[in-house]
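This report refers to the structure that appears directly beneath it.
The values are calculated or read from the model by the stated rules, or taken from the named source; none is laboratory data. Bear in mind that the values here come from a model prediction, so they are computed numbers and not experimental data. As a convention, Cβ positions derive from the backbone with ideal geometry for all residues, glycine included, and neighbour counts pool all protein chains shown.
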C-alpha cells in the first residue's frame, strides 16, 4: 500500500476521504476497504529475500512498539519503532530515527522533513531480521533512501514517509534483501525522564 493510500485509510478512519459523508464513498473508491481500520498509526513493508516476496500488509502500531525518549540520554530524545511478526515467518522490522531532539552530548540524527540516503552507521535507518539474519541500511554496501514527508517530535504529532532500497546482512555472508515501505506514525507520550511530559 503506497503512502497516499495509507493516508486515505487514515482519513477514512477520521472523517472520510471525500470531506463529507455524501462524497466519501466515491473519493475512496480506489482504497481496498478490507484494509480500512480505525487507527491513524500504521506502516506497510514489502520484503524480497532469497527470491521470496513477503508482504506484511498494513501493520497497526501500538505504543509498546515505540521507544520515544530513553532516560539515559535525557534531555536528548531518541525515536525508534520496532515491530515483530511470527507469520509467514519470524520477522522484526525496526525504523530508527536516532536522536530527534539533541543535547550538548547527543547531536541530532534526524532533523525533519527531507531525503535521507542509507549511510554506514547513520540514522535514520531501517533494519529487518528475517531468516535468521539481521539486515541493516547502515551496513557497508547498502543503498536506498528514507523520505520523510511530515515530521514532529511532539506527543501526538505525525511522522510520515517511505523507504526503499537494499539492506545488507551483518557479518561476512554478503547477503542482501530489498525493502519497500511506507509509514504513518503518531508519537506516543515520551518515556519517563524526558522533557515535555
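Here are the numbers for the structure shown:
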item	result
Where a residue in region 142-168 is part of a strand (DSSP E or B) and its partner, wherever it lies, is at pLDDT below 95 and surrounded by 15 or more Cβ atoms within 10 Å (Cβ to Cβ), with Cβ under 6 Å and at least six apart	162/3
Selection within region 43-55 - in a strand (DSSP E or B) and more than 13 Å from the chain's Cα centre (by Cα)	47, 48, 49, 52, 53, 54, 55
From 70, 103, 63, residue being at pLDDT 50 or above and buried (at least 18 other Cβ atoms within 10 Å of the Cβ)	70
